[in-house]
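Presented below is the structure to which this report refers.
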Amino acid sequence: MTTQEFKINGDYIELIGLLKVLGIAQTGGHAKQLVEDGIVVRNNEVELRKRAKLIPGDEIVIDEQIKVILK
């Protein structure tokens, strides 16, 4: 599993926005599909809310392959 840190500009970033910024999803539709497929885990729980507001301290794991720590 690869681990990376991501600095949030502002109070939060929406989940689908994070997936697009990191290049994990090519489009908003692709990002929504990844979330709907249940492969995104936020703080050890599956996150199914596409527009979930992610804040510093959250840990996101995508498909058990990519771990993102939000700063």
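The values are calculated or read from the model by the stated rules, or taken from the named source; none is laboratory data. Small disclaimer: the values here were computed from a predicted structure and weren't measured. Quick reminder, even Gly has a Cβ in these numbers, built from the backbone with ideal geometry, and neighbours come from all protein chains shown. Accessible surface is based on the protein model in full, side chains and every heavy atom, while ligands, DNA and RNA are left aside. Shrake-Rupley method; radii C 1.70, N 1.55, O 1.52, S 1.80 Å.
A few points about this structure:
- Electrostatic dipole magnitude of the chain [Cβ: Lys, Arg +1; Asp, Glu -1; Cα centre; debye, to 20]: 280 debye
- Projecting the Cα atoms of Val21, Val35, Ile66 onto the charge dipole of the stretch 3-69, computed from C-beta unit charges around the Cα centre, puts Val21 farthest toward the positive end.
- Computed P(r) (all Cα pairs; the chain; 5 Å bins; percent): 4, 19, 33, 30, 14, 1
- Average accessible surface for the chain: 61 Å² per residue, computed with a 1.4 Å probe over protein heavy atoms with every protein chain in place.
- Partners for Lys71 among lysines (Cα-Cα distance below 21 Å; same-chain residues under 8 apart left out): Lys7, Lys20, Lys50, Lys53
- Net charge over other residues, Cβ less than 14 angstrom from the Cβ of Lys20 (K, R count +1; D, E count -1): +2
- Approximate spin-label separation Ile66-Thr27, in nm, with each point projected 7 Å along Cα-to-Cβ: 1.8 nm
- Under the criterion of Cα pairs below 8 Å and six or more residues apart, the relative contact order for the chain equals 42 percent.
- Qualifying GluC sites (Glu not before Pro) in the chain, DSSP loop, other Cβ atoms within 10 Å at most 14: Glu64
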